[in-house]
Ligand code: FAD
């Protein structure tokens with residue numbers, strides 16, 4: 001049967017990509033349907049109960065700047081917040097929060113249920129409805145057909161999911177959830193380029209069996225950071241501490257003795273796992289010279305005793321898991337509530353996607369999240385938002401949008417995926433961005449909110465708050481330029497106190513703030529200015545803008561030099577076989593990748609600067 005109503009956009013999957021995609025499409029005014037296995041697991045954290053961290057926190061702030069909900073939800077659900085790299089430069093500072101899993105799910109579901117234009121239906125999708133090479137709907141397990149102009153698949157680790165614990169394996173999307181077998185089969189039949197990846201999770205421990213006095217406590221930051229640009233500390237639930245312990249030689253011996261029953265080392269697992277988030281058995285083998293690894297014991301929530309031991313993800317047999325956990329200081333009597341496991345799943349080569357995340361093979365079909373070979377909630381949510389936005393723009397007959405590499409980590413993520421593909425689960429790091437100084441957490445709203453508002457994905461209230469902040473920053477900078485300090489105007493002791501030395505000529509406050517150790521608050525105190533602004537976010541922006549102005553300007557010039565590459569679009573129907581001088585290998589690569597711009601082409605591995613020059617000549621000739 002066919003469902004009684006048609007939709008503009010259908011999103012399949014209610015994980016991190018799916019929920020942001022559905023909310024984005026609905027915010028864009030599209031009649032949107034979210035179909036997922038189970039409404040109870042909307043926004044479920046499959047693995048670690050935390051959001052953010054280096055590179056990932058940057059993505060969360062960008063999602064927030066574009067009106068997405070991840071930052072707001074973690075502000076509602078975070079039970080410990082920290083600013084990582086706080087003593088380092090602003091480019092690499094990153095917010096991270098420990099989440100109460102239940103509160104996080106509730107925060108996401110509340111937003112989904114209250115979003116106008118959004119329908120939620122619990123049903124598994126088994127098939128796509130195609131008309132030629134265009135998707136027009138989906139068919140669920142119950143045989144119901146739902147029609148839409150665009151479909152976004154965000155199926156996470158569920159496609160042909162196979163979980164492993166030692167020599168045992170079972171089909172699953174993740175522990176406790178069914179896999180997506182029929183849909184995986186249909187996608188393979190459609191000749192989409194498929195591969196296998198794997199990821200893993202640690203066993204969980206009952207906190208009542210942990211000997212906390214033996215552990216090192218790790219409190220959150222004070223003052224407590226806030227994720228969303230519109231958030232505040234009062235939103236946070238009660239804050240609690242995490243704990244640290246370490247593996248030891250005995251732990252490592254237990255693991256080595258169990259390797260002959262490890263699916264990772266006996267060849268049972270074929271998929272490639274995340275190099276930067278390896279299992280404990282992988283770490284023991286790869287870093288055999290180390291006799292200890294840190295483990296963070298992270299509470300799973302305020303109303304549960306379960307604890308997540310971050311650092312011992314494993315698919316070793318259950319008995320080995322029990323022994324290895326109990327060999328660790330403080331965990332001698334640990335009771336394991338859930339065993340760790342690894343999961344293998346299908347992903348699709350993201351090099352077949354456009355920068356809008358629409359597949360090039362099937363029109364109107366978008367992919368977002370783990371299905372594209374990424375790992376992590378934040379990477380998934382960021383792609384989900386972009387896919388939801390672009391599916392809506394397509395339905396509206398408007399041009400697709402994707403930020404450039406110098407505009408957002410989201411731009412870096414998509415560009416890396418579609419030009420380089422993945423050889424292992426892809427996660428974000430600040431080192432992936434060449435324009436780091438511009439792409440900071442603190443200025444994500446300055447980079448993206450105006451664009452988002454123009455596209456129609458940012459609410460009026462967010463826009464108004466943003467405009468007020470932007471004006472306050474400009475006013476404040478102007479004020480600093482207009483106030484001058486002259487020699488002899490102020491007591492020497494005060495000057496030395498704030499500036500570190502006296503002054504020999506007159507300076508504006510703007511110039512003085514450029515000095516490394518001079519702070520905005522110090523300058524205001526020096527001049528006895530009491531009506532100074534109180535909004536810390538504005539002060540932070542002013543300080544960073546003034547102090548790093550020179551570096552940021554240089555980076556902007558570099559971006560401008562390359563912008564011609566990024567702006568030069570390559571026609572969709574170009575036949576690279578007809579470009580004179582290109583080697584057949586380069587022609588083949590370009591025909592296969594169909595890059596959208598010269599910039600994309602230049603980043604495809606094996607495309608040389610000489611090949612780019614030939615392409616530019618070809619374009620100039622009007623081919
Ligand atoms: P998911 O969060 O997996 O959501 C997929 C959604 O799609 C689910 O709601 C599911 O029910 C639904 N769905 C699937 N198929 C269908 C269908 N046919 N019809 C209807 N609904 C469907 N990330 C890390 O960053 N670090 C880690 O160490 C890590 N370890 C992990 C370990 C395990 C065991 C697992 C399972 C995941 C791990 N992850 C880890 C990955 C993290 O969970 C994902 O990156 C993230 O959840 C991906 O988000 P997503 O929205 O793409 O998919």
inquiry  = Anything in segment 386-400 that is more than 20 Å from residue 137 (Cα to Cα) and in contact with a helix residue (DSSP H, G or I) (Cβ under 6 Å, 6 or more places away or on another chain)? List them, or say none.
reply    = 400
query = From the list 125, 129, which residue is more than 10 Å from the ligand (Cβ to nearest atom) and more than 24 Å from the chain's Cα centre (by Cα)?
reply = 129
note = Inside segment 288-319, the number of residues satisfying the requirement of being within 23 Å of the chain's Cα centre (by Cα), within 23 Å of residue 273 (Cα to Cα) and part of a loop (DSSP other than H, G, I, E, B) is 3
query = Considering 107, 25, which residue is buried (at least 24 other Cβ atoms within 10 Å of the Cβ), assigned by the TED database to the domain that holds residue 392 and not in a strand (DSSP E or B)?
reply = 25
inquiry  = Filter segment 172-229 down to the residues that are within 16 Å of the ligand (Cβ to nearest atom) and part of a loop (DSSP other than H, G, I, E, B) and list them by number.
reply    = 172, 173, 175, 176, 178, 179, 190, 192, 202, 203
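Residue by residue, here is whether (1) buried (at least 22 other Cβ atoms within 10 Å of the Cβ); (2) assigned by the TED database to the domain that holds residue 77; (3) within 16 Å of the ligand (Cβ to nearest atom) holds:
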position: 272; (1), (2), (3): no, no, yes
position: 279; (1), (2), (3): yes, no, yes
position: 282; (1), (2), (3): no, no, yes
position: 292; (1), (2), (3): no, no, no
position: 304; (1), (2), (3): no, no, no
position: 308; (1), (2), (3): yes, no, yes
position: 325; (1), (2), (3): yes, no, no
task = Please work out which residue is farthest from residue 142 (Cα to Cα), limiting yourself to segment 34-63 and to residues that are within 8 Å of the ligand (Cβ to nearest atom) and in a loop (DSSP other than H, G, I, E, B).
result = 48
message = Here is a list: 193, 213, 225. Which entry is modelled with pLDDT of 95 or more and surrounded by fewer than 18 Cβ atoms within 10 Å (Cβ to Cβ)?
response = 213
request  = Could you please give the count of residues in segment 410-435 that are under 22 Å from residue 96 (Cβ atoms), out of contact with any strand residue (DSSP E or B) (no Cβ under 6 Å at 6 or more places or on another chain) and assigned to a loop (DSSP other than H, G, I, E, B)?
outcome  = 4
inquiry  = Checking the structure you have, find out if any residue of segment 506-515 is surrounded by fewer than 13 Cβ atoms within 10 Å (Cβ to Cβ), under 27 Å from residue 89 (Cβ atoms) and either out of contact with any helix residue (DSSP H, G or I) (no Cβ under 7 Å at 6 or more places or on another chain) or at pLDDT below 90 (or both).
reply    = no
query = Restricting the search to segment 337-374, which residues are surrounded by fewer than 24 Cβ atoms within 10 Å (Cβ to Cβ), closer than 18 Å to residue 415 by Cβ and within 11 Å of the ligand (Cβ to nearest atom)?
reply = 373
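The values are calculated or read from the model by the stated rules, or taken from the named source; none is laboratory data. What you see is a predicted model, and the numbers here were worked out from it, not measured in a lab. Cβ coordinates were reconstructed from backbone atoms using ideal geometry, including for glycine residues, and neighbour counts include every protein chain displayed.
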